[in-house]
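J.: Structure in structure tokens, see below.
Nothing in this text is a laboratory measurement; each read-out follows from the coordinates by a stated rule. On a predicted model such as this, the values are computed, not experimentally measured, just so you know. With ideal geometry, Cβ positions are generated from the backbone for all residues, glycine too; neighbour counts draw on all protein chains shown.
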């Protein structure tokens, strides 16, 4: 217990005695993790957006004009019985025209020139969760296309698929950037610890000569690396949080978030904790690299 | 206690020690004499396992140091004490903390550490400076602290490399008296020095090295 408390005190003393190099190592780790964190934040938020958009995947079945209300009612009943359909709502020709006028107030004169209402009645179907895959939606839509009374079937799957592909690229980029910057962070922390070891080489030599084990000598430096890394992780979270709030205020104010701002969020607590732990592990790895060279000497 | 068989050591192909044979018994007081570059420091470095011989065998307390695994070295060193010409005290720790280090690495309790450190500081006459840091002490006081650190855990062997270097004769004499006291308690003491004045003061076994060779061994109990 005394030895452990000595190791902790020595680690804190190293940090206090080497303030400049310590601050540089913390800042470097913070910026490294912040760079990776930007990608991670983007990835998690876009995945959230894609997930919420997937929930809203709809298939719109446009009906041919001139069908009797009874025929439309029968068709709706048949569709509701199908497992693909989670919810179904009927949009009449009049309702479609009213919606168009609401959504495009500047263009409604275009329709006036055509005389009668050209917009078809439609059925809006929300797909059941297990039928939301691209193949399932496509297959079902193609089958409906051949059904009498159906003019056209449309679904908004394509751009969700594109978004998923973009998220995949971001995920890859985050991993690539993460690996490169983590290596940089380990190198910098290793250099910091190496400088500390060099500055205290006499002390290390004395400790060896009085019978200190390698572990007793090394543990304070490993702890020092861990503290530097963890502090870097915390600072990176603070930087990311500030940047995130700034981004939200800037874009939210101009209305560019298309009503999705409620979907955007900062890291959940477990991801934040993971970032601090990654910082801590990077710090330990940096110390370990320095100490490996140091441990090769017999004495 | 210490046995060397045909020990040789070179640095950059320049021989530092050549074919050294030496046996030191438990409780002996040995002066290792010779001019600068004779190989005294090299011999001490081999004994406290800071280096390995190129040839020959070294037994310390019946353990072959060349065959000792790295993880066993600290345990052997805890049975030995070292005193250096340049003291090698930690400047940011006070006298008490410096002397307590060998006990700390062994995991001794705080109570026993305090007791043993106080005894060691009293034995070398610097108990009144226990809260001072080494840079504020005189050379003589620093060497006394170094001796206190070397003897605090009751070592079987005490090795000293030029412990009276750069000291005036009076101070040098006081330091040698301390070693004699430690030796009288049963600790084997080996001092490397080029100061011939010490020989007259100790009247003990004198081993002389010159250009890496053992040229004389006087006063041996054999």
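J.: Suppose the chain between residue A:13 and residue A:152 were pulled fully straight at 0.36 nm per residue; how much longer would it get relative to their current alpha carbon spacing?
T.: Result for the pair: 42.6 nm of gain on full extension.
J.: Students often check this: by mean Cβ neighbours within 10 Å, which of B:179-188, A:119-128 ranks highest, and how do the rest follow?
T.: Listed from highest to lowest mean packing, they are A:119-128, B:179-188.
J.: Here is a further query. Compute the separation of the alpha-carbon centres of the range A:267-287 and the range A:15-45 and state it in Å as a whole number.
T.: Cα centroid of the range A:267-287 versus Cα centroid of the range A:15-45: 10 Å apart.
J.: How much of the DSSP beta bridge set in the protein assembly as shown is antiparallel, as a percent to the nearest 5? If you can, show how the numbers build up before the last one.
T.: Working: 35 of 54 bridges.
Roughly 65 percent of the DSSP beta bridges within the protein assembly as shown come out antiparallel.
J.: Quick check on the range A:123-212: take the gyration tensor over C-alpha atoms, sort the square-rooted eigenvalues as a ≥ b ≥ c, and tell me if it's rounded (a/c under 1.5), prolate or oblate. Could the numbers behind the result be given before it?
T.: On the way: a/c = 8.90, a/b = 5.22, b/c = 1.70.
Because a/c hits 1.5 or more and a/b exceeds b/c, the range A:123-212 counts as prolate.
J.: Given R₀ = 25 Å, what would the calculated FRET efficiency be for residue B:132 paired with residue B:173, taking r from the Cβ atoms and rounding to 0.05?
T.: Here the calculated transfer efficiency is 0.55.
J.: Using the beta-carbon distance between residue B:92 and residue B:211 and R0 = 45 Å, what value does 1/(1 + (r/R0)^6) give for FRET efficiency, to the nearest 0.05?
T.: After rounding to 0.05, the efficiency reads 0.65.
J.: Shifting gears a bit: Post the alpha-carbon centroid distance, the range B:174-222 to the range B:1-75, in whole angstrom.
T.: Computed from Cα coordinates, the inter-centre distance equals 16 Å.
J.: Mind jotting down the distance between the C-alpha centroids of the range A:214-250 and the range B:89-162, whole Å?
T.: 39 Å
J.: Continuing with the same structure: So what is the relative contact order for the range A:58-155, in percent, with contacts set as C-alpha pairs under 8 Å and at least six apart?
T.: 49 percent
J.: Same structure again: Starting from the Cα of residue A:145, step 7 Å along the direction of its Cβ; do the same at residue B:13; then give the gap between the two resulting points in nm.
T.: Roughly 8.7 nm, to one decimal.
J.: Under 18 Å from the 7 Å Cα→Cβ point of residue A:70, by amide nitrogen: which residues of the range A:116-156?
T.: It comes to A:149, nothing else.
J.: Hey, another quick one. Tell me, what is the percent relative contact order of chain A, built from C-alpha pairs under 8 Å that lie six or more residues apart?
T.: Relative contact order here is 31 percent.
J.: Treat each spin label as a single point 7 Å out from the Cα along the C-beta direction, and report the residue B:52 to residue A:42 distance in nm.
T.: My value for the distance between the label points is 5.3 nm.
J.: While we're looking at this one, here's another question. When chain A is modelled as a GNM with alpha-carbon springs shorter than 10 Å, which of A:73, A:107, A:161 fluctuates the most?
T.: Largest GNM mean-square fluctuation: A:107.
J.: Counting only DSSP beta bridges with both residues in the range B:79-222, tell me the antiparallel percent, nearest 5.
T.: 35 percent
J.: R0 = 22 Å: FRET efficiency of residue A:95 with residue A:116, Cβ-based, nearest 0.05? Show your work: numbers first, answer last.
T.: Values: r = 16 Å, r/R0 = 0.71.
After rounding, the FRET efficiency stands at 0.90.
J.: What relative contact order, as a whole-number percentage, does chain B give when Cα pairs under 8 Å and 6 or more residues apart are counted?
T.: 30 percent
J.: How do the peptides A:34-42, A:168-176 rank, highest first, by the average count of neighbouring beta carbon atoms within 10 Å per residue?
T.: Order by mean packing, descending: A:34-42, A:168-176.
J.: Report the paramagnetic label zone for residue B:139: residues of the range B:184-203 whose backbone N is under 16 Å from a point 7 Å from Cα along the Cα-to-Cβ axis.
T.: Of the residues in the range B:184-203, B:193-198 have backbone N under 16 Å from the label point off residue B:139.
J.: With the crude spin-label approximation of a point 7 Å out along Cα→Cβ, what separation in nm comes out for residue A:4 versus residue B:122?
T.: 3.4 nm
J.: Can you compute the helix-only [θ] at 222 nm over the protein assembly as shown? Use -39500 (n - 2.57) per DSSP H run of at least 4 residues, normalise by all residues, nearest 500 deg cm²/dmol.
T.: Value at 222 nm, helices only, nearest 500: -18500 deg cm²/dmol.
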